[in-house]
Amino acid sequence: MNIEMIDKSIEFFGINIAILTISDSRNFSNDKSGSILKSLIEDYGHNCLLRDIIKDEREELLLILDQWVNNRNLDVIITSGGTGLTGRDITVDVIETYFDKKIDGFGELFRFISYKKIGTSTIQSRAIAGTKNGKYIFCLPGSPSACKDAWEEILKFQLDIRHKPCNFVEIMPRLNEI
């Protein structure tokens, strides 16, 4: 039973998304996860407004995040990489304290989906999500399969204004309410 519902009476509109790969070993020629995300995002009708690759370095990550969350044309940031348990995996540790609000259910749902495919190995994923300055930030593992699963089973629905009973797009204008 598929519980994802798209209300066809509502007109779809694409949002602006940035992709950030966080890795000491990736570049644009071998960044499969970033390429897959870009393709999935654009094929669905959204805009990949920005894409970059940085090293697993706290200062570099905070610098680009600060630039992107202050970009008025950007709606969503999706990161890939740095969510594991090794000493160089810094994404979660840096971004957890960066969020204005954490979206706890994202990581829980991602691991549930992942568990069905890779079993208990999913426990090594620290995928998280939250908001900052009116933008959504989703932090995915660096594996191409994990990025595809996150998009196909969570993000493509939640980033579609037509998804019912609710979605992230419809509340975007209210993220900065006081």
*asked:* Is the C-alpha gyration tensor of the range 120-165 telling us rounded, prolate or oblate? Criteria: a/c under 1.5 is rounded; beyond that, a/b larger than b/c is prolate, otherwise oblate.
replied: oblate
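Which whole-number percent gives the relative contact order of the range 17-75, counting Cα pairs below 8 Å spaced six or more residues apart?
Numbers: 55 pairs, mean separation 26.8, N = 59.
Normalised by residue count, the contact order of the range 17-75 is 45 percent.
What list do you get for Tyr136, Tyr98 if you sort them by fewest beta carbons within 10 Å? Spell out each step's value before the answer.
Details: Tyr136 24, Tyr98 15.
Lowest count first: Tyr98, Tyr136.
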*Between Ile3, Val76, Leu50, whose Cα lies farthest towards the positive end of the dipole of the range 1-83 when Lys and Arg beta carbons carry +1 and Asp and Glu beta carbons carry -1, centred on the Cα centre?*
Leu50
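Can you give me the relative contact order of the chain as a percent, contacts being Cα pairs under 8 Å and 6 or more apart?
Details: 310 pairs, mean separation 47.3, N = 178.
Relative contact order, the chain: 27 percent.
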*When the Karplus curve 6.51 cos²θ - 1.76 cosθ + 1.60 is applied with θ = phi - 60°, which whole-Hz ³J(HN,Hα) does each residue of the range 19-31 get, with x for Gly and Pro?*
10, 10, 8, 10, 6, 7, 10, 9, 9, 5, 7, 10, 8
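Give me Leu62, Leu50 sorted ascending by neighbouring Cβ count inside 10 Å, so fewest comes first. Each step should come with its number before you reach the end.
Values: Leu62 13, Leu50 17.
The order, fewest Cβ neighbours first, is Leu62, Leu50.
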_Can you compute 3J(HN,Hα) from phi for each residue in the range 153-168, using the Karplus curve 6.51 cos²θ - 1.76 cosθ + 1.60 with θ = phi - 60°, rounded to whole Hz and x for Gly and Pro?_
10, 10, 5, 4, 7, 6, 9, 10, 4, 7, 5, 10, x, 7, 7, 6
*Going highest first, how would you order 5-12, 156-163 by mean Cβ packing within 10 Å?*
156-163, 5-12
*Partners for Lys32 among lysines (Cα-Cα distance below 17 Å; same-chain residues under 8 apart left out)*: Lys55, Lys148
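Note down the magnitude of the dipole of the range 23-172 about its Cα centre, charges +1 on Lys and Arg C-beta and -1 on Asp and Glu C-beta and zero elsewhere, to the nearest 20 debye. Please report the intermediate quantities before stating the final value.
Values: 20 positive and 22 negative charges, 67 e Å.
My answer is approximately 320 debye.
Within a 10 angstrom radius of the beta carbon, how do Thr83, Thr120 rank from fewest other beta carbons to most? Please list the in-between numbers first.
On the way: Thr83 26, Thr120 7.
Ascending number of Cβ neighbours within 10 Å: Thr120, Thr83.
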*Tell me which residues come under 5 Å, amide H to amide H, from Asn133 once H is placed; ignore anything under 5 positions away on its chain.*
Asp100
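Ranking request for peptides 66-72, 51-57: highest mean number of other beta-carbon atoms within 10 Å first, then the rest in descending order.
Numbers: 66-72: 13.9, 51-57: 17.1.
Ranked by mean Cβ neighbours within 10 Å, highest first: 51-57, 66-72.
Starting from the Cα gyration tensor of the range 23-172, take the square roots of the eigenvalues, sort them a ≥ b ≥ c, and report rounded, prolate or oblate (rounded when a/c is under 1.5, otherwise prolate if a/b is larger than b/c, else oblate).
Working: a/c = 1.28, a/b = 1.07, b/c = 1.19.
In terms of gyration-tensor shape, rounded.
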*Based on the alpha-carbon gyration tensor of the range 4-49 and its eigenvalue square roots a ≥ b ≥ c, which shape applies: rounded if a/c is under 1.5, prolate if not and a/b is larger than b/c, or oblate?*
prolate
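The numbers here are math on the coordinates, done by the rules we state, and not lab data. Computed from a prediction, not measured in an experiment: that's the story for all the values here. Cβ coordinates were reconstructed from backbone atoms using ideal geometry, including for glycine residues, and neighbour counts include every protein chain displayed.
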